[in-house]
1. Under 5 Å between amide H atoms, partner at least 5 residues away or on a different chain: which partners does ARG724 have, H built in plane at 1.01 Å?
2. Taking 22 Å as the cut-off for C-alpha to C-alpha distance, list the pairs among LYS491/LYS796; LYS370/LYS412; LYS234/LYS412; LYS491/LYS587 that go past it.
3. Local charge sum around HIS300 (other residues, Cβ-Cβ under 12 Å, Lys/Arg +1, Asp/Glu -1)?
4. Over all directions, average the projected area of the Cα convex hull of the range 210-276 and note it in nm².
5. Output wanted: per-residue J couplings in Hz (rounded whole) for the range 494-504, from phi through Karplus 6.51 cos²θ - 1.76 cosθ + 1.60, θ = phi - 60°, x for Gly and Pro.
6. Report the normalised scattering of the range 91-222 as log10 I(q)/I(0) at q = 0.16, 0.23 Å⁻¹, calculated by the Debye formula with identical scatterers on the alpha carbons.
7. What residue among PRO237, PRO313, ALA220 has its Cα farthest toward the positive end of the dipole of the range 213-314, where the charges are +1 on Lys, Arg and -1 on Asp, Glu, each on the Cβ?
8. Suppose all protein chains stay in the model; what accessible area per residue would a 1.4 Å probe give for the range 277-407, in Å²?
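The values are calculated or read from the model by the stated rules, or taken from the named source; none is laboratory data. All values derive from a computational prediction rather than experimental measurement. Neighbour counts run over all protein chains shown; Cβ positions are idealised from the backbone, glycine included. Surface areas here come from the heavy atoms of the whole protein model, side chains and all, with no ligands, DNA or RNA. Shrake-Rupley method; radii C 1.70, N 1.55, O 1.52, S 1.80 Å.
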Amino acid sequence: MDSSPAQFLRDLASGNSSDAPLVCYAATMLSSNGMLQNENPLDFTFPLFLFQLIIIILTSRLTAFILKPLRQPRYISEILGGFILGPTLMGRLPAFALTLFPLRSLLVIDSMASMGLVFFMFIVGVEIDPDVVRRVGRRSTILTFVCLIGPVLIGVLAGIMLHSRIQDGTQRGAFVTFLCGILCVSSFSMLARTLADIKLIASDVGRLVLSSAMITNGLAWVLMVFSTALAQSKGKPLSAIWAVISGGVFSVVVYMAVRRAARWVQKRTPEGEEVAELHVCVILVGVMVAAFAADAIGTHAIFGAFVYGLAVPNGPLGELLIEKIGDFIEGLLLPIFFAVSGFRTNLYSIVDAGAVFLLLIVVIGAAITKVAGSVLAAFYMEMPFHDGISLGLLMNTKGIVELILLNIGWDKQVLRDQTFSILVMISVISTTLITPLVNVVAKPSRRYVAYKRRTIRWWNPESELRLLVCAHSSREVPSLISLLDISHPTKRSPFFVYALYLVELTGRASTLFVVNTNCSSSSSLESHRGAPNAGGGFIRHQTESEHISHAFESYEQHAGGVSIQSLTAFSQYPSMHEDVIALSEDKHCALIILPFHKHQTIDGTMEVTHPSIRCLNKNVLAGASCSVGILIDRSLAGTGARAQRYAVALLFFGGADDREALAYADRLATHPGVALTVVRFLPCIGAGGSRRQDRVVDVAGENDDECLAQFQADGGGEAEYVERMVGNAEETVSMLREMEGRYDLYIVGIGEGTPSPLTAGLTEWSECEELGPIGDLLASPDFGSRASVLVLQRGKYREGSEIEMSGGAVVLPMPAGPAK
């Protein structure tokens, strides 16, 4: 009698109690009286389960830590952790298997794994918007069709030819149907994570492949239901057809009933408040009711939970449910499912090397047909060849959905142990190889020429100036709008502003697709490297996005010469700078304006908004090829507006950044409500204070004197020009203190790469070195300034140089030459 864990679990799943080993234990042995009473806790059910759970989680986390440098998805580390604990490795040690995972404990583990899987599929259903399927266009239908033809044909032929060799004793029709479903399926959750990681989720390729993956997943579930029904009915097609029909009726009834009930709950919940605890409890109990009903009609419990989750509408209700149970399910219960899968996977059960080779050929052949079909579909839809290859590779993404289907096939005796183990290993190997291949092939990478005219100074004043204005909350918007307004856009010298709302992403990657399809802003740029709930609540960020968008739209309507497009970027802070830089390159912006990582409180002090914002600003300054400005806001929207006139000071110490600041200040000088003062600091030597006559020329052939002379010759608006002679940094600080209280806004260059004796020593005391010595001084609370500060860095360029950028959803071609 085979008493292995895999065989025991199969007997439990199939109900063949006569073939199961006899396991006897006392019904009262739930918890121990303690080791002090000479009782071993592992002899009792509950302490043993707790210890098993600890071992499973520690093993999966350790495996994930080891594989982290290889950038493999979490699915790989989880299933490998199950292999380690299963009969392939540690389970072969009798002491380990009998002590930690005895047969009497497997029923509890299997039940908890099934419960975790039921609620996980419910979460997956909640995160998917069914309306997207109804909006699937012609292109998605074409891609789905051509990607299904090859795998279905190969599945049918291979299933018929291989059944007698590798699946003898099982129902042939069930195996053929099940093999077609396995070859067709694409893991939607894994695909969403991959697209988010390579920043394609909001692109045409991303939307196309996600919508196609949802259709193929639906077909795979239908084939799974039909296959298991055939297996249970001993090959009677009529019974299988009735199972599919009953599953379809069940889906429609559950979807309509739960949809109406969920919308009733949403209507009963006041805006801005959480759903009542009673309603949440009823919904979660409904998950188990749906799972029980689905199992009762002969489909599978997780199918019922998935359909139930699809019926829950996107919004505050779905978001709340995910927040309440998501981490518990994925962090604690789901690893148990991977461990059970590891118990079922026994590499020593693979005794036919030819079967391994044949199944490997079948899987590779199906993958190739998907890629070939995607290339043909791309050609028909007039898409680039590279996009066709990317679509094919992405459609081959596997993951937890495939593992779930394989486990269902094992439970329902559609697959034998050897076939199950082979297909699981092939799934792991293919995912391990495809994930990095997709990152290399599908990840967008374009080379942008960094033209020197992508700065304010070299932008034609009579052409459209493109700016990217970023905000982390609606609190920053009024001052950003005030800064835009005093920059004096006109119909003759217009602005095109991209208002980008930056949201920290801290949740499951599949949420990205929901957010992308429901975002109310003008457009959406999505990114990620992680997983759900964008910063703690989709509705809160949607409302914030609407407020920001409406504020900029209102300004656009009342101001002349301004066109504004609102966007939203969902990204983790470590990669958020890539989205900002990529968007500035795509839109050919001359200037990026970023908010400071501190904001002013009611008492006038500066408080850190989020520490990661500072890293974001530093990364944008280091990587952007256009000019970058950081606004330290001290109520800029209120100070000048109250007096109907803004007093602005440009502090000019010399260098490329200061010349860029001068070019920006030149635009402010023409505004009738701005009083601009250009203060040039010059070094003096000797007792007589004679001026040093250094002529500094940079690689572009520019020097400070010529730029200032051109500024004055062009009129400089109504600007006042003054010169201040200082000998060292101490005198510079004293001069700045004398100016305190006169201005609402200071503009200064960062001064990177242009050390000056007038600021020497200030950097040693800098708190925020990314602002430059003067910008850091003006932003410091010790300085006591009440004025806002705009620090500018000129765009980096070298003639003929190229900057390679990765990421971004939509890539626009760069112009053939410098902007005119």
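1. ARG680, PHE681, LEU682
2. On the way: LYS491/LYS796 29 Å; LYS370/LYS412 28 Å; LYS234/LYS412 11 Å; LYS491/LYS587 20 Å.
As for pairs spanning more than 22 Å Cα to Cα, those are LYS491/LYS796; LYS370/LYS412.
3. Details: positive: LYS412; negative: ASP295, ASP411.
Once positives and negatives cancel, what remains is -1.
4. Working: hull surface 26.9 nm².
If I average the Cα hull's projected area over directions, I get 6.7 nm².
5. For the range 494-504, the Karplus curve yields x, 10, 10, 10, 9, 8, 10, 8, 9, 10, 6 Hz.
6. -0.98, -1.23
7. PRO237
8. On the way: 4860 Å² over 131 residues.
I get 37 Å² per residue for this part.
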